[in-house]
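The values are calculated or read from the model by the stated rules, or taken from the named source; none is laboratory data. Since the structure is predicted, the reported quantities are computational estimates derived from the model, not experimental observations. Every residue, glycine as well, gets a Cβ built from its backbone with ideal geometry; the counts of neighbours run over all protein chains shown. Side chains are part of the model used for accessible areas, which takes the heavy atoms of the whole protein and leaves out ligands, DNA and RNA. Shrake-Rupley method; radii C 1.70, N 1.55, O 1.52, S 1.80 Å.
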Amino acid sequence: MVVRIKSEVPEVQTVKTVIHELAHAVLHAPERDLPSEKRTDRATREVQAESVAFVVCNHLGVDTSD
């Protein structure tokens, strides 16, 4: 997995994006070998990854209110 983030992206957004993508890797990578009907749907995967990023950033004191 490769995550590319543009250099002009603000630092806070970079941190949040990396955490979001790591959440996808941890939560959803094991589903790759499952048939599509057994995988979590895309909307749910995005809500899960965004929720993880929000909670982790909040715990670390990173303000993601933008």
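Values as computed for the structure displayed
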item	result
FRET efficiency estimate (nearest 0.05) - Cβ-Cβ, His59 to Glu31, R0 22 angstrom	0.30
Rounded to the nearest 10 Å², the accessible area of Glu50 at probe 1.4 Å	70
Rounded to whole Hz, the Karplus (6.51, -1.76, 1.60) HN-Hα couplings of segment 50-66, x for glycine and proline	5, 5, 4, 4, 4, 5, 5, 4, 4, 4, 7, x, 8, 7, 10, 5, 4
Structure-derived Rg and Dmax of the Cα atoms in Å: which label, when the choices are (1) 14.6, 42; (2) 13.2, 39; (3) 15.3, 42	(2)
Residue-by-residue Karplus 3J(HN,Hα) for segment 24-32, coefficients 6.51, -1.76, 1.60, Hz, glycine and proline x	4, 4, 6, 7, 10, 4, x, 7, 4
Label-to-label distance, nm, for residues given as Val9 and Glu50 (7 Å Cα→Cβ offset)	1.5
MRE, 222 nm, helices only [DSSP H, n ≥ 4, -39500 (n - 2.57), over the chain, to nearest 500]	-19000 deg cm²/dmol
Listed residues Gln13, Thr40, Val55: farthest to the positive end of the dipole of the chain (Cβ charges)	Thr40
Normalised contact order of the chain, rounded percent, pairs of Cα under 8 Å and 6 or more residues apart	41
